[in-house]
Every structure is written in C-alpha cells, then in structure tokens.
1. Can you spot a residue in segment 93-113 that is on the phi > 0 side of the Ramachandran plot and open to solvent by 50 Å² or more (accessible area, probe 1.4 Å)?
2. Determine, yes or no, whether Asp96 is without any contact (Cβ under 8 Å) to a residue 40 or more places away in the chain and within 30 Å of Gly196 (Cα to Cα).
3. Kindly indicate the residue of segment 149-167 that is small (Gly, Ala, Ser) and in contact (Cβ under 8 Å) with a residue 12 or more places away in the chain and also farthest from Asn136 (Cα to Cα) among those meeting that condition.
4. Given Asp203, Asp174, which one is under 30 Å from Gly68 (Cα atoms) and at pLDDT 90 or above?
5. I want to confirm something. Restricting to segment 35-53 and keeping residues that are open to solvent by 20 Å² or more (accessible area, probe 1.4 Å) and either acidic (Asp, Glu) or out of contact with any strand residue (DSSP E or B) (no Cβ under 6 Å at 6 or more places or on another chain) (or both), which single residue is nearest to Val100 (Cα to Cα)?
6. Arg72 passes all but one of (1) touching a residue at least 40 places away in the same chain (Cβ under 8 Å); (2) open to solvent by 40 Å² or more (accessible area, probe 1.4 Å); (3) more than 30 Å from Gln126 (Cβ to Cβ); which number fails?
7. Search segment 214-224 for residues being more than 12 Å from Gln42 (Cβ to Cβ) and open to solvent by 70 Å² or more (accessible area, probe 1.4 Å), and hand back the single one that is modelled with the lowest pLDDT.
8. Provide a single number: the residues in segment 129-153 that are open to solvent by less than 40 Å² (accessible area, probe 1.4 Å) and at pLDDT below 90.
Amino acid sequence: MKILLVEDDPHVASFVRKGFEHEGYELTIAYDGRSGWSLYQQQPYDMVILDVNLPYLNGVELCHRIRGAGPRVPVLLLTALDSLADKEIGFEAGADDYLVKPFAFRELLLRVRALTKRYAETSTPQLLQLADLQLNLDSKIVTRAGQRIDLTSREYSLLEHLLLNQGRIVSRVDIAERVWEVDFDTTTNIIDVYVGYLRKKIDRDYSPKLIHTVVGMGYVMRAE
C-alpha cells in the first residue's frame, strides 16, 4: 500500500514513517502543502494523511484540492485542534477521518486499515468512463463511441489502470508495479510500446485524444 503523508513536523513524520515501514507500507513524505499537492498529482496513492497546519497550503485546502481532482482516495487529517468547529471544517473539505495529536501509532494504523478497507469495498465503480470511452469492469468490454474495441489482457489491464487514475499523471514505474507487477527495468521500453498499442486502438480514429504523454513524468488520461 502506498501512503502519502504531508506533515511539517520532522519528529512526527519520522515517528509515522518508522511505524508504517515496520508494517510493510510504502510511505512518501512531504513537509509542506505545496510539495504534497505536487506529489499527489504525480502518482496514485492508496491513502493520504494530512496535517492541518502546513506551510504554503494548509491541510484543509489540500484536502479540498484532492477531492476536486479525483479519483477518490481516503484522507485522514492530523491536528492539535480538537474542537467540533475545527472537525466540521475538515469534514466539509472532504476528509474521511480526524485524529488529534498526540496519538498512538497503533490508533493511526487501525484507522488507516479501516478507511482503506471501506474504500475497497464501496468505491470501485463498475463502469469506468472518459469522454465516449467506456470500460465495463464486470464484462471486461471496452467501447468507444459505441464501438467495441478488442484488447489483449495486458492492454486491458493498462487501460483500466490509466482510467482508474484519470486526470492524474501515472509514472512508468507505477505502471510497471501495478500492471506488470515487477520492478521497473529502466533498459526496456515495453510500457511505451503498449501505450502505443492502446493509442492505435482507442485514440487514432477518435476525437478527442485521451492518452497524453507528460515528458519526463509518465502518462495521463484526460479529454482535451
């Protein structure tokens, strides 16, 4: 599981990192809201943990941006403020849970597990859609403009991953881990080859184009 922690207190960040790494989780840390937003846009995360009082962009504002970007991801706020009014502000911004500092790591871990389990059970759509492209998760049928598109199993898995993260830049490393389920080999261009295959099938004869290359970063699916 990949977790993004945005926390400006290095002691808290180190404490949380040690706990999650001990549990086998992959944790990325940003120390201000602006850096956290940049990291969130670069790759998908399974969970986001935000301190409320952050430099440049506070946790509530960052939560609001994350909610507006899609797809949905569980968000937990950390704060020293425990009044009902403070919690209401966080929940109205789209937070799923609120944990008051200081906290025991075990409590944080239990809340993260509960949130990710709940999202896994309820938030996966049965139909993924972007513009006139549709992917049915039950039947595994892909259509564009009403026309069925035949894909290989690998092409289908790649398209599903891109659509689940539409509007967000997906790196080649992430694609390798999520679609190929292997460590990324920097000497191979297999991901670029399969993106090319997909473009021929879902983009070449249609408008607007949906698969876009972000130089030096990866790929993003969006209608433009």
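The values are calculated or read from the model by the stated rules, or taken from the named source; none is laboratory data. The structure presented is a predicted model; accordingly, all values stated were derived computationally and were not measured. In this analysis, Cβ positions are derived from the backbone assuming ideal geometry, glycine residues included, and neighbour counts consider all displayed protein chains. Accessible surface is based on the protein model in full, side chains and every heavy atom, while ligands, DNA and RNA are left aside. Shrake-Rupley method; radii C 1.70, N 1.55, O 1.52, S 1.80 Å.
1. Checking segment 93-113: not a single residue is on the phi > 0 side of the Ramachandran plot and open to solvent by 50 Å² or more (accessible area, probe 1.4 Å).
2. no
3. If we take residues in segment 149-167 being small (Gly, Ala, Ser) and in contact (Cβ under 8 Å) with a residue 12 or more places away in the chain, then Gly167 is farthest from Asn136 (Cα to Cα).
4. After applying the criteria, what remains is Asp203.
5. Asn53
6. (3)
7. Glu224
8. Looking only at that region, the number is 1.
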